[in-house]
Amino acid sequence: MKAILCASLTILLTTIAYAGLPGDAAAGKRLHDASCTGCHDSSVYTRKDRSIRTLDGLKHQLEGCAHAAKQNFTAAQSQDIIKYLNDQFYHFR
C-alpha cells in the first residue's frame, strides 16, 4: 500500500513540476515556428550531444538565439517559447 501511495505521489508531483512552469506552450510553439526554424529545425533539441542541460541554460540559449535572429521577444513571449521547448523536448523541473 505504501509503495502504491509513493508511486502515485511521485507521478502527481512530476506532473505539477512540469505544469508549474509559467507560459503558454501553444503560443510558444507559434513563436518558435515563426522565429526559430529559419536557422534550425527541431533536431537540435533531441540530438545526443546537445549543449542545453538545465532550465537556466535553455533560457540563456534563447537569449542568444533571439539576439542572433534579431528578435526582440517580450518577457512573456520568451517564457512561452521556453515553456513550449521544455514541455516538448527538455522536461526540466
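The values are calculated or read from the model by the stated rules, or taken from the named source; none is laboratory data. Fair warning: this is a prediction, and the values are worked out from it, not measured in the lab. Using ideal geometry, Cβ is built from the backbone for each residue, glycine included, and neighbour counts are taken over all protein chains shown.
Of everything in segment 12-33 that's among the hydrophobic types (A, V, I, L, M, F, W, C) and modelled with pLDDT of 95 or more, which residue is surrounded by the fewest Cβ atoms within 10 Å (Cβ to Cβ)?
Restricting to residues being among the hydrophobic types (A, V, I, L, M, F, W, C) and modelled with pLDDT of 95 or more, the top hit is ALA26.
Looking at (1) buried (at least 17 other Cβ atoms within 10 Å of the Cβ); (2) on the phi > 0 side of the Ramachandran plot, which is the only condition HIS91 fails?
(1)
What are the residues in segment 21-56 that are in contact (Cβ under 8 Å) with a residue 24 or more places away in the chain and in a helix (DSSP H, G or I), if any?
If the condition is that a residue be in contact (Cβ under 8 Å) with a residue 24 or more places away in the chain and in a helix (DSSP H, G or I), then ALA25, ALA26, ALA27, GLY28, LYS29, LEU31, HIS32, SER35, TYR45, THR46, LEU55 are the ones that fit.
Within segment 63-93, how many residues turn out to be more than 10 Å from the chain's Cα centre (by Cα) and of a type in the set (A, V, I, L, M)?
Looking only at that region, the number is 5.
Take the residues of segment 57-93 that are free of Cβ contacts under 8 Å to residues at least 12 places away in the same chain and in a loop (DSSP other than H, G, I, E, B): which is nearest to LEU21 (Cα to Cα)?
Once the filter is applied, the top-ranked residue is THR74.
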